[in-house]
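Values in this text are rule-based calculations from the coordinates and carry no lab data. Every value quoted in this text rests on a predicted model; they were computed, and no experiment measured them.
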Amino acid sequence: MRKLLVLALVGLVAQLIDGSLGMAYGLTSSTLLLVAGVAPAAASASVHLAEIGTTLAAGVAHWRFGNVDWRVVTRIALPGAIGAFAGATVLSSISTEAAAPWMAGILFTLGAYLLVRFARPLRTDRVGGRLRGRFLSPLGLVAGFVDATGGGGWGPVATPALLVSGRMEPRKVIGSVDTAEFVVAGAASVGFLIGLGTEGFLLPTVAALLIGGLIAAPLAAWLVRIVPAQLLGAAVGGVIVLTNARTLIRSAELDGPARPALYALLAAGWLAALVFAVRALRRTRRARAEAASASAAAAAPAATSPAAAEEVRADLAAAATSTSR
């Protein structure tokens with residue numbers, strides 16, 4: 001009973017992270033199951049079965065908070081389902097550990113790019129045009145395959161790629177990726193069912209992870225809507241860097257003082273990026289407030305009393321500050 005309660009807590013924390021950052025539910029849950037001695041295929045199968053419920057709840061919550069771009073969802077969900085089904089079939093009989101360092105290197109690079117990008121002031125204008133299907137479809141295919149074979153990876157592959165494009169708000173990237181994952185999780189579960197049979201799913205574990213995830217899904221969708229994009233992007237970048245650095249360090253077989261020194265260096269870099277992101281966010285809000293005050297002063301009628309004009313300027317400045325949040 002205690003083990004199931006711990007698993008439910010893990011599911012809650014994992015979904016809270018996944019729903020607010022667009023990744024880490026499968027990674028967190030699968031890691032715990034592997035440490036407990038569960039076979040990789042059974043761990044991934046159980047996590048994906050639980051994700052059918054958690055991603056459905058997360059998708060509904062994100063949709064209600066306006067975090068979903070349905071065009072992007074349809075472009076990545078169907079190829080992702082194909083990749084997940086293929087990956088589940090492969091993992092049922094073959095290990096994919098050899099590909100882990102290569103994929104970790106790609107994700108580490110993307111995470112580092114995000115840290116640098118969101119540590120600086122964000123542009124107010126978006127890159128022209130929409131994300132094309134020839135970019136979204138291969139992305140979904142690869143992310144789905146990695147997700148099924150690694151017990152997690154849909155978010156770490158899809159989320160940074162969409163964020164780096166600069167054509168979507170971070171909250172909509174996360175909401176769309178989480179919503180599309182419902183289809184991906186379902187396809188992976190079907191693949192595991194064919195490859196492993198019903199004995200490949202650990203149903204008590206699935207139930208515990210599911211309960212924790214369902215509790216956290218609405219809170220995570222609300223959290224991603226109010227957290228500023230500047231901080232959210234820096235947080236996502238740090239999670240990607242630290243998560244994949246662990247795989248790279250292990251594959252390089254670094255021991256002794258080098259390992260903690262590298263972790264400390266990466267953590268310090270993440271903290272520095274967050275500090276710069278906060279400063280950039282404050283500068284942006286201050287500039288918007290000053291621009292709103294200047295516009296109010298210019299638009300105030302000449303006949304208006306000084307006290308009334310000052311009140312109008314204060315109201316507009318407060319509204320601009322509230323909107324920037």
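Could you give each residue of segment 161-176 its phi-based ³J(HN,Hα) in whole Hz, using Karplus coefficients 6.51, -1.76, 1.60 with θ = phi - 60°, and x for Gly or Pro?
Working through the residues one at a time gives 4, 6, 5, 4, 4, x, 9, 9, 5, x, 5, 6, 4, 5, x, 5 Hz.
Starting from the alpha-carbon convex hull of segment 203-289, give the projected area averaged over all orientations, in nm².
For the Cα atoms of segment 203-289, the hull's average projected area reads 8.5 nm².
Residue by residue through segment 258-275, what is 3J(HN,Hα) from phi via Karplus (6.51 cos²θ - 1.76 cosθ + 1.60, θ = phi - 60°)? Round to whole Hz and write x for glycine and proline.
5, 5, x, 5, 5, 4, 5, 5, 5, 5, 5, x, 5, 4, 4, 4, 5, 4
Quick one: 3J(HN,Hα) in Hz for segment 282-295, Karplus 6.51/-1.76/1.60 with θ = phi - 60°, rounded, Gly and Pro as x.
5, 5, 5, 5, 5, 5, 5, 5, 5, 5, 5, 5, 5, 5
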